[in-house]
Structure formats: C-alpha cells, structure tokens
Amino acid sequence: MTTPDAILSVRDLAKRFPVKGGLLISRQIAEVTAVAGVSFDVQAGETLGLVGESGCGKSTLGRCILRLTEPTSGETFFHGRNINEVSAAEMRRLRRQIQLVFQDPYASLHPRMSVAENIAEPLRVSDLDAMGRKARVAEMLELVRLDPELGRRYPHALSGGQRQRVVIARALALKPELLVLDEPVSALDVSVQAGVLNLLKDIQHDLGTAYIFIAHDLSVVQHISHRVAVMYLGRIVEIAAKRQLYAAPMHPYTQALMSAVPLADPKRERARSRIVLKGDLPSPLDPPSGCRFRTRCPIAQSVCAEVEPLLADQGDGHAVACHFPGAAHTGLSATA
Ligand SMILES: Nc1ncnc2c1ncn2[C@@H]1O[C@H](COP(=O)(O)OP(=O)(O)O)[C@@H](O)[C@H]1O
Ligand code: SF4
Ligand SMILES: [Mg+2]
C-alpha cells in the first residue's frame, strides 16, 4: 500500500463540504467537493511542492492530512499508521511530528505573547523542563536567523518576514518530521520571499525535515521542491520530479501554469508565448463531466467530456491525468 521510504502516504483522500440553505437554513442542498480523491507519498527529508489555482483544494488537503478537517473518505498513513484511525491521544502525539504553517504569520501568532513565548508554546507538551525550553527557544531563534534579542519583543513589533520566521521557528520547536507549509511566503513582499525560501532550504538540509510546500504558482516552488504535484479542481493532474516537470510538463494545465513562470534569460522571456487559460475555475459544486479541465483545455476532444482521465505513470514516476499527455507541449494537436 505505501512505498518503502515514504513517511507519509495519502490514498484516495476526499473532502466534501455540505452546502446548507433553502427555507430551512439547516437543510443540505448541495455538496462542494474540495478534494476529489488524491494520492501521493512524501519521502523523508524531501519537499513536495503542491501547486494549483486558488480554490482547487490545496488548503483543505493540507488540513485533512493533519486532521484539522476530517476527510470524507480515503486514508493517510504516517509511517504506515493510518492516522484516521488513531485515538485522540495518539493524534496529539502525531501532531508533534507533523506541523502546519499558514499563509498569514500575523494571524498565527498570539499577539499578547512575546516572540519567545510564542515559540515555546508547543513545547508545553514536550518533556523539556524550563531550562530545556529556554535553550530550545534560543536554538530555534538561531535556526531561523533571528537576533536573540527579538525573543522579548511582541509580534506587532516585527516585520512580515520576521514574523513568518517566528512561525517557522514555532512549527519546528518540537523537531517534527514533516512540515505542511500553506503558501508561507504569499503574504510577504517579493523582496523577502527569497530569504524565507532559502532559510527553509537550509533548515531542511540541517534537520532533514520533509515539507509539503503549497503555492498557487510554479515559480515559488521551483527552487525548493524535489517533486511537484499540480492540482486542478480537487485532483492531482500531474506529479513528477521537479526537473522533469519544469523541463517537459505534460498536462495542458501544467503547461499553462508553466508559461506564466518568468524566465531568467530576457531574450527567451521575450520570445516565448504564454498560454492564457480561458474562463475561471469551474465551481467545485458542479465540476465538468469527464476531464475536469476540459472547459479550459486548448486541446480538448470529444472523449474528454465522456471519460475522466486517470493519473497514469508515463515513466520514472512522472504521472499525468490526460488522454493526450504531452500533446500540446510538442506542438501537436491531439486527435480523438
Ligand atoms: N469549510 C468549508 N466549507 C465549505 N466549502 C469550503 C470550506 N473550505 C473550503 N471550501 C471550498 O473548497 C474549495 C477548495 O478550497 P481550498 O482548499 O481553500 O482551496 P485552495 O487552498 O486551493 O485555495 C473551495 O471551493 C472552497 O470554497
Ligand atoms: S483529458 Fe482532454 S480535456 Fe483533459 S487535459 Fe487532456 S486533452 Fe485536455
Ligand atoms: Mg489555500
């Protein structure tokens, strides 16, 4: 069921939210499928980038992995243990191993606690005594390259970048094996984003922490990821090693996202064409039949409306959910 070196294995995970309304507000009138059956593994010490437009189910997936939201169906194994079956007490223990970092660092810090108190907060469940906790806070401040003096300050006195470093220090205080980072740099100035990304890369090198790094565009996860999964309307449509995905994306959606990634070489940047997606993300209340991407796909054929393409390995773990993988990239138009 799980690959040998995986610390986390997600299998067919789905989350549907009831939509209530009508004359009686409590009556369920529809269902939003936020996550529509997703499977992937995370290896020890690796970064899996998880990318897709806003509303495609990334945060819900992240929350389901930590059981902050209960999945509707599917399984999540952490070191082979099905975390949907463990007791509340065991889940509390598991939460030390899997931590979540949210997009908004200000909202995730306690405003009336000092930086040091915020970082020490998760340590209440550890075996460390007061001295040990103090030492761990100092260690964490150093790890995220913040001046130890900042420990006495309050979150409001910090810059956005410093606050996100405090959030990361707090998430790492218990030395978890896996960090789910939900758009951790999206709220930050572009000028400070690279610093936080480099910091996360160095921390992974030092501590061996695995990351699921959620982002809404491919450029953010390019340098930090070992593998990248692309999500569309609740499903993974492509997953591959970073090098493969960026060199030869095979799903038309990934190709469209890729065409928006700025190129370092200005000549190539000017010469290349962008694939502009038509329309908005369809409502997860009523996803298109067959392939969910077909209403925006530049190479959709009649079969795409009838048969949902399954995520199929094209070799070397590069899996794509498309009836015509790679067709648009090679400039060929697919034939039904
Ligand atoms: N608690 C909820 N109740 C109802 N719908 C929700 C809830 N949380 C998320 N959704 C819906 O699920 C879909 C996926 O949301 P989300 O996981 O936040 O996507 P992303 O993080 O990719 O932007 C959206 O259509 C969103 O409106
Ligand atoms: S299955 Fe069809 S509609 Fe879907 S991405 Fe592939 S070509 Fe486009
Ligand atoms: Mg989100």
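See the values below:
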read-out: For the chain, the spread of Cα positions along each principal axis, largest first, Å; value: 68, 58, 46
read-out: Of all accessible heavy-atom area on the stretch 39-84, the percent that carbon and sulfur account for (1.4 Å); value: 46 percent
read-out: Surface per residue (accessible, 1.4 Å probe) for the stretch 1-125, Å²; value: 48 Å²
read-out: Shape of the stretch 114-229, Cα gyration tensor, a/c cut at 1.5; value: oblate
read-out: Relative contact order (%) - the chain, alpha-carbon pairs under 8 angstrom, separation at least six; value: 19 percent
read-out: Solvent-accessible area per residue for the stretch 213-323 (1.4 angstrom probe, square angstrom); value: 48 Å²
read-out: Placed amide H near Ala36: partners under 5 Å, 5+ positions off or other chain; value: Lys15, Arg235
read-out: Table column - 3J(HN,Hα) (Hz), the stretch 314-324, Karplus curve with 6.51, -1.76, 1.60, x for Gly and Pro; value: 9, x, 6, x, 8, 10, 9, 9, 7, 6, 10
read-out: Mean Cβ neighbour count within 10 Å, used as a protection proxy, ranking 204-213, 179-188 highest first; value: 179-188, 204-213
read-out: Accessible area of the stretch 190-243 belonging to carbon and sulfur atoms, whole % at 1.4 Å probe; value: 53 percent
read-out: Over the chain: helical MRE at 222 nm, DSSP H runs n ≥ 4 each giving -39500 (n - 2.57), nearest 500; value: -8000 deg cm²/dmol
read-out: Candidates per GluC sites (Glu not before Pro) in the stretch 66-149, loop by DSSP, up to 11 other Cβ within 10 Å; value: Glu85
read-out: Ordering of 193-202, 5-14 by packing [mean C-beta count within 10 Å, highest first]; value: 5-14, 193-202
read-out: Once the Cα gyration tensor of the stretch 201-336 is diagonalised, semi-axes √(5λ) in Å; value: 26, 19, 15
read-out: The stretch 147-201, accessible area per residue, ligands and nucleic acids excluded (1.4 Å, Å²); value: 41 Å²
read-out: Reachable aspartates and glutamates from Lys201, criterion Cα separation under 13 angstrom, eight or more residues apart if same chain; value: Glu46
read-out: Long-range HN-HN contacts of Asn84 with modeled amide H, under 5 Å; value: Thr76
read-out: By accessible area with a 1.4 Å probe, ligands and nucleic acids excluded, highest first: order of Lys267, Lys278; value: Lys267, Lys278
read-out: Qualifying lysines (Cα of each under 24 Å from Cα of Lys15; at least 8 residues distant if same chain); value: Lys58
read-out: Estimated translational D of the stretch 4-101 in µm²/s (Stokes, Kirkwood radius over Cα pairs; 25 °C; 0.890 mPa s); value: 167 µm²/s
read-out: In Hz, Karplus ³J(HN,Hα) per residue of the stretch 164-174 (6.51, -1.76, 1.60; θ = phi - 60°; x = Gly, Pro); value: 5, 5, 5, 4, 5, 4, 5, 5, 8, 4, 8
read-out: Anchor Lys267: lysines whose Cα lies under 25 Å away (excluding residues fewer than 8 positions away in-chain); value: Lys242
read-out: Local electrostatic count at Gln99 - Lys and Arg +1, Asp and Glu -1, tallied over other residues with Cβ under 10 Å; value: +3
read-out: Coordinate range along principal axes, alpha carbons of the stretch 91-171, Å, largest first; value: 32, 28, 23
read-out: Other-chain or far-sequence residues with amide H under 5 Å of Thr47's (modelled H); value: Tyr211, His226, Arg227
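The values are calculated or read from the model by the stated rules, or taken from the named source; none is laboratory data. Not measured: the values here are computed from a predicted model. Every residue, glycine among them, receives a Cβ derived from its backbone with ideal geometry; neighbour counts consider all protein chains shown. SASA here: full protein model, heavy atoms, side chains in, ligands and nucleic acids out. Shrake-Rupley method; radii C 1.70, N 1.55, O 1.52, S 1.80 Å.
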